[in-house]
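Let me begin by presenting the structure, written as structure tokens, before commenting on it.
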Amino acid sequence: MPWIPWIEVEKDDTPNEEVQQLYKKTRNAVTGKISDLTRLTSLTPVVSGHIDRLCSAIYKNASGLSTREKEIAALVTSAFIGCVH
């Protein structure tokens, strides 16, 4: 299912250098994709960067679960709330 935003976001080829840097830093190393959350907050790149770092810190420092268990929990949660990816 293609991602079609209903709010304004910065495009991948934006001339805004701050957003270009944000997209470069937050792009998924494996898939090359930019997260929906980063796109949705791209009009405020400073805030978007803070949100990305917070999410990463929480995910990486969560204790008690293996990486596999975290991924399974994320998948189940996404399915439960109707997330399309």
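The values are calculated or read from the model by the stated rules, or taken from the named source; none is laboratory data. Because the structure is predicted, anything quoted here is derived from the model rather than measured. Cβ atoms come from the backbone with ideal geometry, glycine included; neighbour counts cover every protein chain shown. In case anyone asks, the SASA skips ligands and DNA or RNA and just uses the protein heavy atoms, side chains included. Shrake-Rupley method; radii C 1.70, N 1.55, O 1.52, S 1.80 Å.
Among the residues of segment 12-35, not a single one is among the aromatic types (Phe, Trp, Tyr) and assigned to a loop (DSSP other than H, G, I, E, B). What are the residues in segment 13-52 that are more than 11 Å from the chain's Cα centre (by Cα), within 22 Å of Cys83 (Cα to Cα) and of a type in the set (S, T, N, Q), if any? Within segment 13-52, Thr31 is the sole residue that qualifies. Looking at segment 65-85, I want the residues that are open to solvent by 90 Å² or more (accessible area, probe 1.4 Å) and in a helix (DSSP H, G or I) and have a partner that is at pLDDT below 85 and among the hydrophobic types (A, V, I, L, M, F, W, C) with Cβ atoms under 7 Å, at least 6 apart or on another chain. Which pairs are those? From segment 65-85, no pairs qualify.
Annotation: of all residues in segment 36-56 being under 18 Å from Glu17 (Cα atoms) and of a type in the set (S, T, N, Q), the one that is most open to solvent (accessible area, probe 1.4 Å) is Thr44. Would you say Ile58 is out of contact with any helix residue (DSSP H, G or I) (no Cβ under 9 Å at 6 or more places or on another chain), in a helix (DSSP H, G or I) and without any contact (Cβ under 8 Å) to a residue 12 or more places away in the chain? Yes. Filtering segment 2-35 down to residues that are surrounded by 17 or more Cβ atoms within 10 Å (Cβ to Cβ) and among the hydrophobic types (A, V, I, L, M, F, W, C), which residue is nearest to Ser78 (Cα to Cα)? That would be Ile34.
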